[in-house]
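Visitor: Sharing a structure here in structure tokens format.
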Amino acid sequence: MTFKELCEARYSCRNYKSEPIASEKLEYIKECVRLAPSAVNLQPWRFLFIDDKEGLQKICSCYKREWIQTAPAIVICLKREDEAWTRRCDGHNHADIDIAIATEHLCLAATEQGLGNCWVCNFDVEALMATGLIPQGYTPAVLVPLGVPADEPKEKTRKPLDEVWG
Ligand SMILES: Cc1cc2nc3c(=O)[nH]c(=O)nc-3n(C[C@H](O)[C@H](O)[C@H](O)COP(=O)(O)O)c2cc1C
């Protein structure tokens, strides 16, 4: 697959088969996430791979869309603002940019491995913090359900090139 083909193949999968994630695929994805760039190489992140029933139930209680319950695994992408680079001139903290890059590495690597995935940010952060899953000092930024797709990609709707560039 070329990189363009990979970009075209990635889509928001919202229905999964129940089969577990193959361990060699998971290891491949983990390494691709580890290699992601971050400001000043501070890597202000941590990723929790959750595939046990109790953990999945806790996460699903924080994002009330039924489709996420079909996922056999969910990655909680955690950021840490106090370990991220802050730009001096305006005080802008780059934890969100860093976690977004690493999360997209995750999604693209999963796609390459034939695993469906979806960015999910519309979850209840406070409720997730209260589950006991989140290590001290970290804040959940994105949930990424993972699994063999049980749906089909939809056609991409994107702005035309001349509205995106220049
Ligand atoms: C930062 C971010 C947050 C998102 N949050 C959600 C979400 O909470 N729930 C959801 O179903 N999709 C979510 N999405 C998926 C987008 O709706 C989706 O990427 C977009 O509609 C383009 O569709 P595609 O991913 O299939 O190309 C999110 C995507 C991004 C990048």
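Visitor: Under 18 Å from the Cα of K4, which lysines turn up, not counting those fewer than eight places away in the same chain?
Guide: K154, K156, K159
Visitor: Normalised by the residues of the chain, what does the relative contact order come to in percent, with Cα pairs under 8 Å and at least six apart?
Guide: Answer for the chain is 35 percent.
Visitor: What is the set of long-range amide H partners of C13 at a cut-off below 5 Å, with H atoms built 1.01 Å from backbone N?
Guide: N117, C118
Visitor: So what is log10(I(q)/I(0)) for region 43-114 at q = 0.16, 0.22, 0.23, 0.24 1/Å, when the Debye sum runs over its Cα atoms only?
Guide: So the normalised log intensities work out to -0.70, -1.01, -1.05, -1.08.
Visitor: If the cut-off is 25 Å between C-alpha atoms, which lysines fall inside it for K58, apart from same-chain ones fewer than 8 positions away?
Guide: By straight Cα distance, K58 reaches K17, K25, K30, K79.
Visitor: What's the extension gain from A22 to K64 if we count 0.36 nm per residue and subtract their Cα-Cα distance?
Guide: 12.4 nm
Visitor: Can I ask one more? Let me make sure I get this right: for region 1-150, a, b and c are the square roots of the gyration tensor eigenvalues over alpha carbons, sorted descending. Under 1.5 in a/c it's rounded, otherwise prolate if a/b > b/c, else oblate. Which is it?
Guide: oblate
Visitor: Given springs between every Cα pair under 10 Å in a Gaussian network model of the chain, which of L146, L35, L26 has the largest fluctuation?
Guide: Residue with maximal mean-square fluctuation among L146, L35, L26: L35.
Visitor: State to the nearest 20 debye the size of the charge dipole of region 31-166 about its Cα centre, where the only charges are +1 on K and R beta carbons and -1 on D and E beta carbons.
Guide: I would put it at about 120 debye.
Visitor: Modelled label-to-label distance, M1 and R158, 7 Å Cα→beta-carbon offset: nm?
Guide: 1.4 nm
Visitor: Under the 0.36 nm per residue contour assumption, what length would be gained going from the current alpha-carbon distance of E31 and V125 to full extension?
Guide: 31.2 nm
Visitor: Have a look at S23, S12, S38 and tell me which one the Gaussian network model of the chain (Cα, springs below 10 Å) gives the largest fluctuation.
Guide: Maximum among the listed residues: S23.
Visitor: Taking R0 as 22 Å, what's the FRET efficiency between I97 and R46 from their Cβ-Cβ distance, rounded to 0.05?
Guide: The computed FRET efficiency comes out at 0.85.
Visitor: Put +1 on the Cβ of each Lys and Arg and -1 on the Cβ of each Asp and Glu in the chain; which of Y28, G137, I50 then has its Cα farthest toward the positive end of the dipole?
Guide: After comparing all options, I get G137.
Visitor: Let me ask something additional. Could you give each residue of region 45-57 its phi-based ³J(HN,Hα) in whole Hz, using Karplus coefficients 6.51, -1.76, 1.60 with θ = phi - 60°, and x for Gly or Pro?
Guide: 8, 7, 10, 10, 8, 10, 9, 8, 4, 5, x, 4, 4
Computed from the coordinates by the stated procedures, all read-outs in this text should not be read as laboratory data. Everything quoted here is computed from the prediction, not taken from an experiment. All Cβ positions, glycine included, derive from the backbone under ideal geometry; neighbour counts span all protein chains shown.
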